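Peer 1: Mind looking over this structure? Questions follow.
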Amino acid sequence: MEHAILAEGLRKRYGDTAALDGFDLRVPAGTVCGLLGPNGAGKTTAVRILATLLRFDAGRAEVAGFDVAGQPDQVRYRIGLVGQHPAVDEALSGRENLVIFGRLFHLGRTEAKRRADELLGRFGLADAGGRPVRTYSGGMRRRLDLAAGMILAPSVLFLDEPTTALDPRGRNEVWEAVRDLVRAGTTVLLTTQYLDEADRLANRICVLDAGRVIAEGTPDALKSRLGSDRIELVVRDVADLPTAAGRLRRVAVAEPEVDEDRRSVGAQVGDRAGALLEVLRALDADGVTVADVALRRPTLDEVFLQLTGRAAAPAARYGDTVEVTA
Ligand code: ATP
């Protein structure tokens, strides 16, 4: 099986709304695919269809080598789904929750307990396994959720916004858990509002808009589609901004953007290092003191904005990962 997830020309309408309008997806086995898109793009619809929870109108889909429409039981047996809302019971311990999930999946009592302990260990919850879930941190709860989605060791796992509302530490914990699963051979389809999450976890990213994939590639390939890198300069004296903007304009491929409050000027440039050297030499000769300088690649956020015409959700901005390579 080359592709763990395959969708061809999927269509799904809700009344007048085409939620999926010729959706194509190919996810090689053992990889993570990030499914990104603005609100209403069709992400949840796609995941629900692939997880056999929703019928579709036209097209074809295979998951774990089985036809989603024709062999839904075979598909269900091989997938896990971790939704946005915790499926675990707060009053019970982590171990009790996992044993109940195991029993729901028809494991025998002994096997369910064995599997629960195995998963608690795998997700770093062995010590907390006997405590009620209400005493867990957000990251621990999501890891327990992941564990619950892994009871049957699925070969394909659907993760719908797995780290929404987690603090940075909780997000890191979940990311590590997902990486472990992938190392063990699981294929993951991840929907997320956090572009840096997709950047870090996904081998490939599909950008969905109005029910169809409008761009696809590795995070790096998508970023390099924007073509040019960006130089950002901060000058010590705000009066030097026009001079700095003038020097930057000569190497830029677009009009420099000036921010007086930050005493900064930035622009897309064609030739990374050459442009930076030229600007810095010229400003030095002009007697302009540069307080800070950054040369950075486009962020996934900028790619997303260019592709969809919309920014990612404000809380989901790709952070300040400025890469200074000068
Ligand atoms: P979000 O990021 O907001 O969760 P999404 O990308 O997951 O969005 P979907 O939930 O798949 O998008 O919705 C795709 C389109 O289908 C939207 O226009 C939505 O309003 C519509 N839609 C989804 N579910 C239904 C439904 N049960 N009835 C009617 N319209 C629906």
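The values are calculated or read from the model by the stated rules, or taken from the named source; none is laboratory data. The structure presented is a predicted model; accordingly, all values stated were derived computationally and were not measured. Glycine gets a Cβ as well: all are built from the backbone with ideal geometry, and neighbour counts include every protein chain shown. These accessible areas exclude ligands, DNA and RNA; they are computed on the full protein's heavy atoms, side chains included. Shrake-Rupley method; radii C 1.70, N 1.55, O 1.52, S 1.80 Å.
Peer 1: Name the residue that is nearest to Ala184 (Cα to Cα), counting only residues in the stretch 17-70 that are polar (S, T, N, Q) and out of contact with any Asp or Glu (no Cβ under 9 Å at 6 or more places or on another chain). Give the derivation first.
Peer 2: Step one: of the stretch 17-70, the residues polar (S, T, N, Q) are 17, 31, 39, 44-45, 52.
So of that shortlist, the ones also out of contact with any Asp or Glu (no Cβ under 9 Å at 6 or more places or on another chain) come out as 17, 31, 39, 45.
Numbers: Thr17: 39, Thr31: 11, Asn39: 32, Thr45: 28 Å.
Checking each candidate, the answer is Thr31.
Peer 1: Over 23 Å from Val182 (Cα atoms) and either open to solvent by 40 Å² or more (accessible area, probe 1.4 Å) or assigned to a helix (DSSP H, G or I) (or both), is that true of Ala91? Steps first, answer last, please.
Peer 2: Working: over 23 Å from Val182 (Cα atoms): yes; either open to solvent by 40 Å² or more (accessible area, probe 1.4 Å) or assigned to a helix (DSSP H, G or I) (or both): yes.
It is true that Ala91 is over 23 Å from Val182 (Cα atoms) and either open to solvent by 40 Å² or more (accessible area, probe 1.4 Å) or assigned to a helix (DSSP H, G or I) (or both).
Peer 1: Here is a check on your reading of the model: is Gly266 at pLDDT 90 or above, over 30 Å from Pro28 (Cβ atoms) and open to solvent by 20 Å² or more (accessible area, probe 1.4 Å)? Even if it seems obvious, please write down each step before you answer.
Peer 2: Numbers: at pLDDT 90 or above: yes; over 30 Å from Pro28 (Cβ atoms): yes; open to solvent by 20 Å² or more (accessible area, probe 1.4 Å): no.
Considered against the rule, which asks whether it is at pLDDT 90 or above, over 30 Å from Pro28 (Cβ atoms) and open to solvent by 20 Å² or more (accessible area, probe 1.4 Å), Gly266 comes out as no.
Peer 1: Would you please name the residue that is surrounded by the most Cβ atoms within 10 Å (Cβ to Cβ), looking only at residues in the stretch 116-135 that are touching a strand residue (DSSP E or B) at 6+ places or on another chain (Cβ under 8 Å) and assigned to a loop (DSSP other than H, G, I, E, B)?
Peer 2: First pass over the stretch 116-135, keeping only residues touching a strand residue (DSSP E or B) at 6+ places or on another chain (Cβ under 8 Å): 129-133.
Then drop every residue that is not assigned to a loop (DSSP other than H, G, I, E, B), which leaves 129-131.
Working: Gly129: 20, Gly130: 11, Arg131: 14.
Of everything passing the filter in the stretch 116-135, Gly129 is surrounded by the most Cβ atoms within 10 Å (Cβ to Cβ).
Peer 1: Right, next: Among the residues of the stretch 17-35 satisfying the criterion of being within 9 Å of the ligand (Cβ to nearest atom) and of a type outside the set (S, T, N, Q), which is most open to solvent (accessible area, probe 1.4 Å)?
Peer 2: Going through the stretch 17-35, the residues within 9 Å of the ligand (Cβ to nearest atom) turn out to be 17-20, 35.
Retained after the next criterion (residues that are of a type outside the set (S, T, N, Q)): 18-20, 35.
Numbers: Ala18: 36, Ala19: 10, Leu20: 3, Leu35: 0 Å².
Per the stated criteria, the residue is Ala18.
Peer 1: Please enumerate the residues belonging to the stretch 64-88 that are part of a loop (DSSP other than H, G, I, E, B), open to solvent by 50 Å² or more (accessible area, probe 1.4 Å) and modelled with pLDDT under 90. Give the steps one after another, and end with the answer.
Peer 2: Step one: of the stretch 64-88, the residues part of a loop (DSSP other than H, G, I, E, B) are 64-65, 68-71, 83-88.
Applying the additional criterion that residues be open to solvent by 50 Å² or more (accessible area, probe 1.4 Å) yields 69-71, 84-87.
Once the filter is applied, which keeps residues that are part of a loop (DSSP other than H, G, I, E, B), open to solvent by 50 Å² or more (accessible area, probe 1.4 Å) and modelled with pLDDT under 90, the stretch 64-88 yields Gln84, His85, Pro86, Ala87.
Peer 1: So Val99 ticks every box in (1) touching a helix residue (DSSP H, G or I) at 6+ places or on another chain (Cβ under 6 Å); (2) surrounded by fewer than 20 Cβ atoms within 10 Å (Cβ to Cβ) but one. Which box is left unticked?
Peer 2: Checking Val99 against (1) touching a helix residue (DSSP H, G or I) at 6+ places or on another chain (Cβ under 6 Å); (2) surrounded by fewer than 20 Cβ atoms within 10 Å (Cβ to Cβ), the one that fails is (2).
Peer 1: Sort through Gly37, Gly15, Gly42, Gly22 and tell me the only one that's at pLDDT 95 or above and assigned by TED's automatic domain parsing to the domain that holds Arg212. Reasoning before the result, please.
Peer 2: Details: Gly37 fails: at pLDDT 95 or above; Gly15 fails: at pLDDT 95 or above; Gly42 fails: at pLDDT 95 or above.
Exactly one of Gly37, Gly15, Gly42, Gly22 is at pLDDT 95 or above and assigned by TED's automatic domain parsing to the domain that holds Arg212, namely Gly22.
Peer 1: Which of the residues spanning the stretch 36-56 are open to solvent by 30 Å² or more (accessible area, probe 1.4 Å) and within 13 Å of Gly211 (Cα to Cα)? Spell out the reasoning first.
Peer 2: Quick first cut of the stretch 36-56, residues open to solvent by 30 Å² or more (accessible area, probe 1.4 Å) only: 39-40, 44, 48, 53-56.
Residues satisfying the conditions are Asn39, Gly40, Thr44, Phe56.
Peer 1: Quick check on my filter: what residues within the stretch 249-281 are closer than 27 Å to Ser224 by Cβ and touching a helix residue (DSSP H, G or I) at 6+ places or on another chain (Cβ under 6 Å)?
Peer 2: Val251, Pro256, Val258, Val265, Ala267, Val269, Val279
Peer 1: Within the stretch 7-16, can you find the residues that are open to solvent by less than 10 Å² (accessible area, probe 1.4 Å) and within 13 Å of the ligand (Cβ to nearest atom)?
Peer 2: So in the stretch 7-16, the residues open to solvent by less than 10 Å² (accessible area, probe 1.4 Å) come out as 7, 10.
Selection gives Leu10 alone.
Peer 1: Take the residues in the stretch 273-315 that are aliphatic (A, V, I, L, M), part of a loop (DSSP other than H, G, I, E, B) and within 25 Å of Arg263 (Cα to Cα); name whichever of them is modelled with the lowest pLDDT. Break it down stepwise before answering.
Peer 2: Filtering the stretch 273-315 for residues aliphatic (A, V, I, L, M) gives 273, 275-277, 279-280, 282-283, 285, 288, 290-291, 293-295, 300, 303, 305, 307, 311-313, 315.
When the remaining residues are screened for being part of a loop (DSSP other than H, G, I, E, B), the result is 288, 311-313.
Then keep just the ones that are within 25 Å of Arg263 (Cα to Cα); that gives 288, 311.
Details: Val288: 95, Ala311: 66.
That would be Ala311.
Peer 1: Separate question: Exactly one of these conditions fails for Ala4: (1) within 24 Å of the chain's Cα centre (by Cα); (2) open to solvent by 10 Å² or more (accessible area, probe 1.4 Å); (3) away from the ligand (no atom under 14 Å from the Cβ). Give me its number.
Peer 2: If we test Ala4 against (1) within 24 Å of the chain's Cα centre (by Cα); (2) open to solvent by 10 Å² or more (accessible area, probe 1.4 Å); (3) away from the ligand (no atom under 14 Å from the Cβ), just (2) comes out false.
Peer 1: In the stretch 22-80, what count of residues is obtained for those that are under 15 Å from Leu157 (Cβ atoms) and in contact with a Gly (Cβ under 6 Å, 6 or more places away or on another chain)?
Peer 2: Count: 2.
Peer 1: Output the residues belonging to the stretch 184-226 that are part of a loop (DSSP other than H, G, I, E, B) and without any contact (Cβ under 8 Å) to a residue 60 or more places away in the chain. If you could, list the steps in order and put the result at the bottom.
Peer 2: Keep residues of the stretch 184-226 that are part of a loop (DSSP other than H, G, I, E, B), which gives 184-186, 192-194, 202-203, 210-211, 218, 226.
If the condition is that a residue be part of a loop (DSSP other than H, G, I, E, B) and without any contact (Cβ under 8 Å) to a residue 60 or more places away in the chain, then Ala184, Thr218 are the ones that fit.
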